[in-house]
1. Being closer than 30 Å to P8 by Cα and under 19 Å from the mean Cα position of the chain (by Cα) is the requirement here; does D61 meet it?
2. Select from region 103-156 the residues that are exposed (fewer than 14 other Cβ atoms within 10 Å of the Cβ) and under 22 Å from G59 (Cβ atoms) and list them in ascending order.
Amino acid sequence: MVRISVDPSGELTREELAAGIARLRESAGAAGFELVEDNLAHLAELPPARREVELLMTGDDAGGLQSTALALCRDAFGTEPVPGVVTFISRGTDDDALGVLAGFGLTGQIERIPGDDGWDVVHVTLRREDLQRVPESRIHTALEASLNCEVHIHTT
């Protein structure tokens, strides 16, 4: 999820915001992205910092996705948008686990095993040297939150 402040100066009218949303919806869809909140017209009364759109974008280069989102918003609204927060949405897949590891600058092996109680247990194998750079507890917490299942970390 990439968030972009589309009217940081607070100069756009309700009509201009609505027209910008229509243009952004079209251009984002053509690029394969999804505009999550598409009713910015009501935001005209809010402070400029809250005039933000959310684009659901797929990829592993957060900076590149953010640059793309900025360009789409610049074209749609005719403003100089400001990047917001980039967050990651997890569906609990092995690819999500690999994405969490990549976020820490790590690579590893993922093995998912059905547990006795019906819940998956994910075994993650990392290099011992990598755990000297990033605390195991941070990796473990991020993986459990992303996967919503039990995680065991092993080292080689």
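Here, each number is a calculation from the coordinates, and none is a lab measurement. Here the structure is a predicted model, which is why all the values come from computation and not from measurement. We place every Cβ from the backbone using ideal geometry, glycine too, and count neighbours over all the protein chains shown.
1. On the way: closer than 30 Å to P8 by Cα: yes; under 19 Å from the mean Cα position of the chain (by Cα): yes.
Here the answer is yes, as D61 does meet what is asked.
2. Of everything in region 103-156, those that are exposed (fewer than 14 other Cβ atoms within 10 Å of the Cβ) and under 22 Å from G59 (Cβ atoms) turn out to be G105, T107, A145.
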